[in-house]
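Laboratory data are not the source of any read-out in this text; all were calculated from the coordinates shown. Quick caveat: nothing in here was measured; it's all calculated off a predicted structure. Counting neighbours? That spans all protein chains shown, and the Cβs are built from the backbone with ideal geometry, glycine included.
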């Protein structure tokens, strides 16, 4: 993006800016902050690994923490205790049976049971346990919320941590398109920085792994692609 900006400035292209924010992986704090300080832009190109294709949509996110409570006891006498871990496992079994929707463009809603924690020692009946759930939304979250509440009822406390809606985006003539399953800062901007577009080099398939990388060839190609995209959008404003 910076190289594309430098190239356009050298050619006399103006009326664009770079915006960098923090917190996208956790809470989109930077995007939420800047959504309160719009600058009148008509378009926002959000940089994410789309393999240099323009994304027509991205899935949303619905995160939960499940908290189970029990009663400690010596594990030789389990009848004197109440295992929080067993309650959590029963709730998770119910959650895994929730029927998840499929969208014709975004594809299936998916569930990741991301973390499990609990217990004190092998000889102690656990009095507390916790799990993190992450649904990738493709539609209205209401049915999933209802299903999670029903699955957890009487077993664990379900705390909603985050909800970000799925996003549908517009194409730009002449630029290849794709659909991505991850969530971005775009919903957090709330449209305050103009019509959003999602584009960038690299593939999400290696993100959050030990093989995370962006090929140099794609980085170099992205410079030209960003410049072309900005130029086309500016022409549309004339």
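At a Förster radius of 25 Å, what calculated FRET efficiency corresponds to the Cβ-Cβ distance of residue 27 and residue 195, to the nearest 0.05? Don't jump to the answer; show the numbers that get you there.
Values: r = 24 Å, r/R0 = 0.96.
That gives a FRET efficiency of 0.55.
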**Asked** Taking R0 as 35 Å, what's the FRET efficiency between residue 105 and residue 209 from their Cβ-Cβ distance, rounded to 0.05?
**Response** 0.85
**Item:** Per-residue [θ]222 nm for the chain (sum of -39500 (n - 2.57) over DSSP H runs n ≥ 4, rounded to 500)
**Value:** -8500 deg cm²/dmol
**Request:** Would you give the gap between the C-alpha center of segment 94-151 and the C-alpha center of segment 163-210, rounded to a whole Å?
**Result:** 24 Å
**Request:** With label points built 7 Å along Cα→Cβ from the Cα atoms of residue 69 and residue 97, find their separation and express it in nm.
**Result:** 2.6 nm
**Over 21 Å [Cα-Cα, segment 60-164], rounded percent** = 38 percent
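Rank these for me by crowding, 210, 83, going from fewest to most other beta carbons within 10 Å.
By the 10 Å Cβ count, ascending, the order reads 210, 83.
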**Fill in**
Rounded to one decimal in nm, the spacing of the 7 Å Cα→Cβ label points at residue 216 and residue 237 is 3.5 nm
**Message:** What translational diffusion coefficient, to the nearest whole µm²/s, does the chain have by Stokes-Einstein, given a Kirkwood radius computed over alpha-carbon pairs, a temperature of 20 °C and 1.002 mPa s viscosity?
**Reply:** 105 µm²/s
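Quick one: plug the Kirkwood hydrodynamic radius of segment 140-238 (C-alpha pairs) into Stokes-Einstein at 4 °C, 1.567 mPa s, and report D in µm²/s.
75 µm²/s
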**Message:** For the chain, take the longest principal axis of its alpha carbons; what is the angle in degrees between that and the long axis of helix 216-237, to the nearest 10 within 0 to 90?
**Reply:** 70 degrees
**Item:** Distance (nanometres) between label positions extended 7 Å along Cα→Cβ at residue 86 and residue 42
**Value:** 6.6 nm
**Asked** Efficiency by 1/(1 + (r/R0)^6): what FRET value for residue 77 and residue 117, r their Cβ-Cβ distance, R0 = 30 Å, to the nearest 0.05?
**Response** 0.80
